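First the structure, in the form of structure tokens, and then the observations on it.
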Amino acid sequence: MPRCTDNELKPMLDFLVAPEDEYVEHIDCSDCDTLASLAERVAKGATVAEVLPELENYLHYWRDCREEFEALVILLKAEDDGTLTDALDKLFEAVKNQTTDTAE
């Protein structure tokens with residue numbers, strides 16, 4: 001019988017212990033208005049905990065959502081300070097490294 005690696009097992013265990021919050025659970029990452037509004041506030045200097053404490057807790061357990069949110073914040077910051085090209089290069093490198101890490 002095949003065994004799960006730690007990298008495969010951790011997301012499943014996180015799912016079991018993740019706290020439930022009805023509002024955060026119904027935030028759809030494809031709902032650009034809600035997510036963008038939260039990300040804009042973080043990009044301007046607020047912390048996720050200040051913007052929506054429940055979201056901070058949620059992002060702790062859901063790596064995919066956290067990575068998308070962090071990428072959006074990085075792009076918004078870069079857009080504001082004129083370094084969008086550099087930010088895209090960093091984002092590309094991070095995705096490339098993540099793909100390499102998960103393939104191992």
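The values are calculated or read from the model by the stated rules, or taken from the named source; none is laboratory data. Small disclaimer: the values here were computed from a predicted structure and weren't measured. Note that we place each Cβ from the backbone using ideal geometry, even for glycine, and neighbour counts take in every protein chain shown.
Being of a type in the set (Val, Ile, Thr) and under 16 Å from Ala36 (Cβ atoms) is the filter; apply it to the range 68-85 and report the residue that is modelled with the lowest pLDDT.
Looking at residues that are of a type in the set (Val, Ile, Thr) and under 16 Å from Ala36 (Cβ atoms), I get Ile74.
Go through the range 23-50 and give me each residue that's modelled with pLDDT of 85 or more, of a type in the set (A, V, I, L, M, F, W, C), surrounded by fewer than 16 Cβ atoms within 10 Å (Cβ to Cβ) and assigned to a helix (DSSP H, G or I).
Hit for the range 23-50 is Ala49, nothing else.
Given the residues Leu88, Leu55, which is the only one that is touching a helix residue (DSSP H, G or I) at 6+ places or on another chain (Cβ under 8 Å), farther than 17 Å from Leu35 by Cα, part of a helix (DSSP H, G or I) and not polar (S, T, N, Q)?
Unique residue meeting the criteria: Leu88.
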